[in-house]
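The values are calculated or read from the model by the stated rules, or taken from the named source; none is laboratory data. Being a predicted model, the structure only gives us computed values, none of them experimental. Here the Cβ is made from the backbone with ideal geometry for all residues, glycine too, and neighbour counts use every protein chain on show.
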Amino acid sequence: MPDFICAQESLHPSEYFAAEDFAKFKGCIHANVHHGRWGSAILSRTHALEAVTLGLPEFDGWVVGAMVHDLVVGGVSQSVLILCIHAPSPGPYEPRVGRMLDVLAQNWGNVPVILAGDFNITTAMRQPNEELKNTAGEVRILNKMKNELGMENAWQYLHPNHALPQTLRWSSKPELPYHCDGIFLSKALLPHLAGAEIINHGIWPSMSDHNPIVVSLD
């Protein structure tokens, strides 16, 4: 199991485990969206999580954040901010993602950031020969994340010039490689990025219409 899990449309993580198994986790942050049926969560089996105030009350439950004070990256123990984001549906998605990023960037300070979730927009630049294309709004957001916020899509960073693999099997067009999920890292973490994988086999296709993304840091 990964050290950290970011989940969207999730019940409180304790609902998925027996009490004695859930007690083994060291950290859990969860908040429901307005309707109360589910929300977003960050779960860790190895680290305590400190909930952070994000300044986005209109997106309660759609985004949650946790500070980790003892994450060892590159042999150095440091504080890292983990953000789990889910762009609210129905859209429009691009303005909402833009609003979330603007406010989050004002509040995350100088610590490295891991930003993961379901953005409901394409989370990386597509190649010219791909069937699906980036919208102009997606290009603006991705350029802003890289050039202004200093964030890179981890999968694309390790797989440049590759067509984007599928992260969402949309029910009406399950064959198309929708790529609306992503894990973004601050530039300070990129030298330690050791792996980024999108898993589309095993138990996952039966559990969700999204394929999980797993990132590893050395």
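Scanning the stretch 205-215 for residues that are under 27 Å from Val73 (Cβ atoms) and free of Cβ contacts under 8 Å to residues at least 40 places away in the same chain returns a single hit, Pro212.
Taking the condition not aliphatic (A, V, I, L, M) and not in a strand (DSSP E or B), does Glu138 pass? Before you say what the answer is, go through the steps one by one.
Details: not aliphatic (A, V, I, L, M): yes; not in a strand (DSSP E or B): yes.
Considered against the rule, which asks whether it is not aliphatic (A, V, I, L, M) and not in a strand (DSSP E or B), Glu138 comes out as yes.
Tallying residues that are closer than 17 Å to Asn134 by Cα and in a loop (DSSP other than H, G, I, E, B) within the stretch 152-169 yields 8. Screening Gly150, Gly98, Gly137 for residues that are on the phi > 0 side of the Ramachandran plot and of a type outside the set (Asp, Glu) leaves exactly one candidate, Gly150.
The residues of the stretch 148-176 that are within 29 Å of Val103 (Cα to Cα) and aromatic (Phe, Trp, Tyr), listed by number, are Trp155, Tyr157. The set of residues in the stretch 50-78 that are under 18 Å from the mean Cα position of the chain (by Cα) and of a type outside the set (A, V, I, L, M, F, W, C) comprises Glu50, Thr53, Asp60, Gly61, Gly65.
Matching residues to (1) crowded, with 21+ Cβ neighbours inside 10 Å; (2) over 26 Å from His210 (Cα atoms):
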| residue | (1), (2) |
| --- | --- |
| Met1 | no, no |
| Lys24 | no, yes |
| Ala41 | yes, no |
| Leu56 | no, no |
| Pro92 | no, no |
| Gly98 | no, no |
| Ile114 | yes, no |
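Leu132 satisfies every condition listed in (1) without any contact (Cβ under 8 Å) to a residue 40 or more places away in the chain; (2) surrounded by fewer than 16 Cβ atoms within 10 Å (Cβ to Cβ); (3) not small (Gly, Ala, Ser) except (1). Only a single criterion out of (1) surrounded by 14 or more Cβ atoms within 10 Å (Cβ to Cβ); (2) modelled with pLDDT of 95 or more; (3) part of a helix (DSSP H, G or I) is not satisfied by Asn120, namely (3).
Checking the structure you have, find out if any residue of the stretch 64-79 is in contact with a Lys or Arg (Cβ under 8 Å, 6 or more places away or on another chain), crowded, with 21+ Cβ neighbours inside 10 Å and closer than 26 Å to His12 by Cα. Looking for residues that are in contact with a Lys or Arg (Cβ under 8 Å, 6 or more places away or on another chain), crowded, with 21+ Cβ neighbours inside 10 Å and closer than 26 Å to His12 by Cα, one finds none in the stretch 64-79, hence no.
Per the listing Phe4, Phe59, Phe22, the residue uniquely in contact with a helix residue (DSSP H, G or I) (Cβ under 9 Å, 6 or more places away or on another chain) and either in contact (Cβ under 8 Å) with a residue 24 or more places away in the chain or closer than 20 Å to Leu193 by Cα (or both) is Phe59. Inspection of the stretch 137-153 finds a residue satisfying the criterion of being farther than 24 Å from Ala51 by Cβ, surrounded by 14 or more Cβ atoms within 10 Å (Cβ to Cβ) and of a type in the set (Lys, Arg).
Looking at the stretch 170-191 only, could you name the residues that are at pLDDT 90 or above and surrounded by fewer than 16 Cβ atoms within 10 Å (Cβ to Cβ)? Hits for the stretch 170-191 are Leu176, Lys187, Pro191.
Does Ile85 satisfy the condition of being closer than 21 Å to Lys187 by Cβ, among the hydrophobic types (A, V, I, L, M, F, W, C) and in contact with a strand residue (DSSP E or B) (Cβ under 8 Å, 6 or more places away or on another chain)? Criteria met by Ile85.
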